[in-house]
Each structure stands twice: as structure tokens, then as C-alpha cells.
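Here the structure comes first, spelled out in C-alpha cells, and everything after it is commentary.
No value in this document is a laboratory result; all are computed from the given coordinates. Only a predicted model underlies this, so the values are computations on that prediction, with no experimental measurement involved. All Cβ positions, even for glycine, are placed from backbone atoms using ideal geometry, and neighbour counts span all protein chains on display.
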Amino acid sequence: MSRTLTRNRRIPSVSRRTLLKGAALAALPALGASFLAPCRPAAAQAKPYAGRSITVWITNHIYARGLREILPEFESKTGIKVTMDLLNFDVHNQRADLQLSSGAGNVDVMNLTFIFAGRWIGANWCTDLTPLLNDPKMTRPDEVDVKDFIAGAISPFSRGEKIFGLPWVAETTMLMYRADIFKEKGIASPPKTYEEMTEIAKRIHSKDVAGNLSRGTNGLHWTWPNWLYAYGGKVFANPPADMTPQLNSKESVAGTKQFDLVSTDYGVPGSMAFTDSDAQAIFNQGRAAMMVDALGVLSAALDRKQSQVVDKVSFALPPAGPAGFKPQIAAHALQIPAGVKDKGPGWEFIKWATSKEILRKAAMEKSHLAVPRASVLSDSEYKKQFTWGGADMGALQTKVLDAAGAGYMTYRTVREFPQVGSRMVIALTEISSRQKSVERALDDLQKDVIGIVQQAGHKINESELPKR
Amino acid sequence: MAETRVERQVARTLAKRGERAGWTRQRERLYVAYAVPALLILFVVTIVPTLFLLGTSLTNLNPSMPGTLRFIGLQNYQVLLQQDRFWNSIWVQVRLSFWTVSLQLLIGLGIALLLNSRLRFLELIRSLFIIPMVLPPVVVAIIWKVLFVPNISPVSWALSLAGIQGPAWLVHPFWALFAIIVAETWEWFPFTMLMLLAALQMMPEEPLEAAKIDGASSVQVLWHIVLPLLKPAIIVALLFRLIDSVKAFPHIYIMTAGGPGVATEPTNFYAYLQAFTFSLVGFGSSISTIILILTLALSLLIVRIVGRMVDYE
């Protein structure tokens, strides 16, 4: 039958030997390429990881949402398929903690959260990225300009010469205020001190618009320290060397009273239960006149799709207290969990996502203001675009980063901070819900935090314990 | 020597007995052979984790600190029993269980009595009442969280129409617990309703008719006939709901995260925070062990009470 068909269609007959010779000749270039491929640097190959899939976990932030939109660019450039999960901050940290502790390697890239940096890096759960950075096969010399990252943004993820994460955000606390309401009430300028802030909040506060909005739940251990440190209080005596808690000092009591007054008495009712997205929604609806928080949280007010106050807000440095100007900073990075076997595809993603080009794009197109790259912050286009309500955002951020670079932020990166921060939230909500007085809540907080640091193996320096 | 007739009969009887004893033994062996795999699986999935939990509770295991798996005896329990936060969590659990179970039983019973009819319309209504129970608890928690957020809360809006300013529900220690009790009751009263409705529909007609003929009022029929006959079903529903109430978690996690302060933090939530948020697995295990002991004691107590109160004959 087959012979008949061949004959009928006049297919030229090919001998077996000719066929084998032809096949061998055809395979030669491909074979040669496959031998040569390992000799070429991975970075130099166009798509060394084409066809691979990676999973990325990152906190739900304006930057991450923007990154997801431009993922096709990365996928077509590298051939790597990315599944990107945007998780609520607390949910991410909890899942990441479990995932990292299990040693599993099924999430290729993960957020390296500021307050968990001490704990995760200390437990050897994060990959040291330095060998990847220094390997010309993995990284072109001009591909990652580490020195371009602001020192305060990359130092929490470095241990000596080793780097465990590349930052994508350098959060700084700022004061966002409603310039239209200030004008209407005849308030000439944003408050310079926390007392002034309370006075202004009192003046503005009404049933429709609260004087101030403080984010609740876990956001409290981020916002409250602005007041705590500005009033001369501290979390620990001298972390990480001396972890003696300082939470019930008279300075701490004074700062907490001021914070409670402006957050509860002149705040949005129920705000102590607000997550960051709840708080953003309330501010964007025009229900509050001031808010001190991370720029990444505040910048949601600049999103024209969601905010009714885009052209009504302005920004200023957070107020100062009796002990001076003590704003807070926090950086987050992208890391490769230690359990990931093939780190190449994840590294490609990190290089791309934290590159100057992508971070500039996130800033200019998605209002991701808190970029950790000096080249973007000093960019004339950035300055032009983000001079908001008369406030030069780049200059404000630089001032905050400089102030917080003095070293008082180390309390946040110690291994015990997540537990201490959670206990702080309990104390602050006990105060705001009037279950305890400020003094009693802080005494109880101090007692419990002493227990936490002792349980972690630290010694309490009796002479450093606060006396009120 | 020839066997007598009596001797032959005795021999036959003994042989039969031997056969029977052998058969009984074989049957017993077969039962054991069938039961052993199931018992082994049960042992692996229940007893082994429990033993692991007990073992872990005697260590300071913290996966974020390598080398912390060290035997520390009863130290975790000593620390725990001295903590105000632990005792507060027990007290929160007691209040939560008491109010949610009581309300679920009362509302479930009331609606079951109202729906106890074979009318087509009421059957449709019955299906509607089941909706909260089939929703995922996380969805229920989100619904109620939205309902209780002051600025957007329809509850606060409805109160404002009546000139009452609603509280900041989820940040007030009393109202936050109240909100969780409401959400938990709303989700689970259909369960008690269904159980009691089934019992009502199985109830014999004769005692009810006899009581009516004797001139008993509706209240008297309910009190003296219906409720005593429903007692077994009520107790079983109580037992189920009580055990389930100790597992209340999603509503608390979503609505209040245990706050304000620790006003809505029951013991299981406290254990979760310690073990999974702070990686204090050893310490968290000691809390779980205490929850296990308390739940077992409660279950045994209820089973004994049920045994005394319910006459299944």
C-alpha cells in the first residue's frame, strides 16, 4: 500500500544513508549551540529562562499594582511567566513567615519586610544576593547600581558586605493635610509641632470632617512612634545591644497622651480598627483634614480614579515635639527565599523590578513617590511632577531620610519587634477605647515587653529602666 | 470397648462446642483484622499530632531561632498561668460561648416553632434562613465588618434616623464583642433551627392532641409537652454549638483582630498569634494543650449530663 502511494505521488526515493547524513548536518548547528550555551553568561543570553514560571508575593502597594500592570514587558523580555500575588501587609507577613520557616521553595520572590528583616535574615531564611550580584554570568556590571539605592533603604537588608534584598520602597512619614480646609479656617501653614497639630485638629473637627485620621490595627506601631520619639521616649534603651524597654517613661506618657488626643478625641470614629485601605478610603472621601502616615499610604489620595481630594491636599514634614523632629522611615525589599533551588529566574525579576527604569516609571506613571533610588528622587522630571500643593515631595523625603538616618530607627529591625509591635497595638487600643489610662496601659506594656525580651534571651539593664 | 450411647452424645456435644469456640475466635480475629488499619490511621491522624502537641508544649521551639528546640519542662505553662492576658482570653471565650450558643438556641428554637408546618410557602422561607450557614465564615465576617464600620454602617445610619448616634462598634470593648456575637449568631442559628425543626417534625401527634382535648393552652402545650419532647434535640444542638463556639476564629480575625486591646481575644486566637505570628510554637502549643484539656472536660461533662437527662427509651 505504501509502496503504491509512493509510486503514485512520485516522491523521490531517498536512501537511508543519505537521510542520516542530512539529519546529522542539520543537527550540527543546534548541537554546537547547546555546547556553547553554558560558556556564555546567563545575563548575556537573550532569554536564558524562557518558558520558566515564577511566583512572586508582594504587599499590596501602589508600586506593586503598577508593577503587575507592566508584567507583560518583563514576560516578553525574559520569557519567564510570572504569577504575582498582591497581599495585604499583615497577611503577607504572616504567610511569608510560615513559608520561610518551612524552608519551602515554591515562592521564588517575596517581600523582605522592614520589621521582619532582623528575624528572617537572622534565621538564615533569605538568600544572600551578593554572589548573584558579583557573578558576571548572572548580572551585567551596569545592571544593578547598588550605590544608587539610598543608604537608609538598603542598610536594613545588608549584613556587612552581604545584601539580602534590593529595596523597592523607602517609606517616610509625612503630614498630609487638606489645604482647602486650612484656607477656609484661616490656618496659614501646616503645624510645626504636635501641640499645634492638636490645636488645628480641634479647630477643624466636626461631625462631617474629623480633625485628624490615624490608621489603626498594626498601623499604630508605625504612626505612634512619631509622637513617642518626638517627645523623647524610646522603645528600647539602645537596640540591639541593650534591649531594656523604655515604654513607660514620662516622655512616653506625654507623647502618648498627645497622640491619643489628636487620634481619638479629634479623630475619625472607629479609626483604631482601620487598616491602611480603610483609612485611605475615608481620607479620599474627604472625611478627615490631616493624616500622618507613610507616603505610600498617603499617596492613594493622589489617585484621581479613587480620590475626591486630589487637588485639595498638600504635604508637609511631620511635626516635631519637645525632643525635636523624629519622623519614621521603613524600607521594603524583594528577596529570594533560601529554600528556592534555582534562583536565576527570581533574580531576573528582582533586577528588573528594582531597576532605575522601572522605579522611575512607577514614580512618574503610578505616583509611587517613595522610591529608594537617589537618581529618581533627584530627577528634574520627578521634582516637576511631584511638587504638590507647593510641597516638593523629593525634598521632603530627603529631609525625613536624613533625620531618621540618625540611628533611632534600629528599634524596628530587631528580631523581637513584630511581637513588641503587636503588644504596642494592644496598649494603644486599650487607651483609645478607654479601657485603661495612658499610664496604666504603658506600665502593662512595659511589663509585657520586658517578658518578651527576656524570653528571647536578652538581659534587662535595671539601671536603664524608666522612673516616672 | 464399645462406646455407650451417652458417651457418643457427650463426645458430639463437646466437638460442637469446640467448633463453636473456634468459630467465635475466628470471627473475633477477623474483626480485629478489619479494625486494625482504621485504628492505625486514626492513631496517626489524631493521637500522634496530639502527642506531638504535648511534646512541643514542653519545649521552647521557635522556628525563627535555630537551635531552640530544647526541653524546658512545664516552664511554658508556668508563664502562661501567670499571664493576665491568658486569663482574659478564657473569660472572653466563656462570654462568647455563652452568648452565641444561648442566642443561637433561642432564635433557632423560635424560628423552628414558627416554621413547623408543611406549607409550601414556609418551606421556601426555610431555605432562605439557611443562607447564612452556607456562606463561608470569611464572607460573613466581611459583611458584618462593613455593617459595623461607623462611617458607612447601615446600622449607624438607621440609628441616626431615630436620633441616636451609634457607637464606634468595633473599637469599643463592649460593642466589639457584641458585634462578633451578632455575626456568629447570625451565621449559626440556622443550624440549631434545622436540628430542632427536624425534631419537631418527627414529634408524635398524640400527646399534643390529647393535651389540646384536655384544654391545655398553646403556652402550656409548648412548655409541658413540646419542650420536654424536644429536650434531646436541644441538648445535642447545644453540645454541637458549644464545641464549635470554641473554634470561633474567622469573625474575630477579620472584624477586630482581637481588639480593642484584648477585649475580643479568645484563647484560640491568642494561641494562633503566639504560634503563627510570632513563631513561638512551644508556647503556642502549651495554650493549645490547655484549650484541648478544657474542651475535653467540657465535652465529658455535657455527655454525662445528657446521659442523665435524656431518656432515649
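Here are the numbers for the structure shown:
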| quantity | calculated |
| --- | --- |
| The stretch B:114-180-the stretch A:315-362 distance, computed between alpha-carbon centres (Å) | 41 |
| The stretch B:66-147 - convex hull of alpha carbons, volume per residue in Å³ | 202 |
| Euclidean distance between Cα centres, the stretch B:242-313 to the stretch A:165-180, Å | 41 |
| In Å, descending, principal axis extents of the Cα set of the stretch A:63-120 | 35, 23, 17 |
| Those lysines that a straight Cα-Cα span of less than 17 Å connects to residue A:234, excepting residues fewer than 8 apart in one chain | A:250, A:257, A:326, A:447, A:467 |
| Kirkwood hydrodynamic radius (C-alpha pairs) into Stokes-Einstein, the protein assembly as shown, 37 °C and 0.692 mPa s, D in µm²/s | 106 |
| Paramagnetic label zone (point 7 Å from Cα along Cα-to-C-beta, residue B:102; backbone N under 20 Å) in the stretch B:143-177 | B:173-177 |
| Residue-averaged beta-carbon neighbours from other chains (10 angstrom radius) around B:166-176 | 5 |
| Cα-based helix-to-principal-axis angle, B:84-115 vs chain B, degrees rounded to 10 | 80 |
| Number of partner chain Cβ atoms within 10 Å, mean per residue of B:268-277 | 2 |
| Between helix B:281-309 and chain B: long-axis angle, C-alpha atoms, 0 to 90°, nearest 10 | 70 |
| Inverse of mean 1/r across different Cα pairs in the stretch B:1-158, Kirkwood, Å | 24.6 |
| Test item: B:254-260 mean partner chain Cβ contacts at 10 Å | 6 |
| The stretch B:84-309: projected area of the alpha-carbon convex hull, averaged over directions, in nm² | 15.7 |
| DSSP-assigned coil residues among trypsin sites (Lys or Arg not before Pro) in the stretch A:379-443, each with at most 15 further Cβ atoms within 10 Å | A:434 |
| Folded to 0 to 90 degrees: helix A:438-455 orientation relative to chain A principal axis, Cα | 40 |
| Exposure proxy ranking, count of Cβ atoms within 10 Å, fewest first, for A:83, B:295 | A:83, B:295 |
| Whole-Å distance, taken between Cα centres, linking the stretch B:200-216 and the stretch A:89-152 | 73 |
| Antiparallel bridge percentage (DSSP; both residues within the protein assembly as shown; nearest 5) | 70 |
| When the convex hull of its Cα atoms is projected in every direction, mean area for chain A (nm²) | 30.1 |
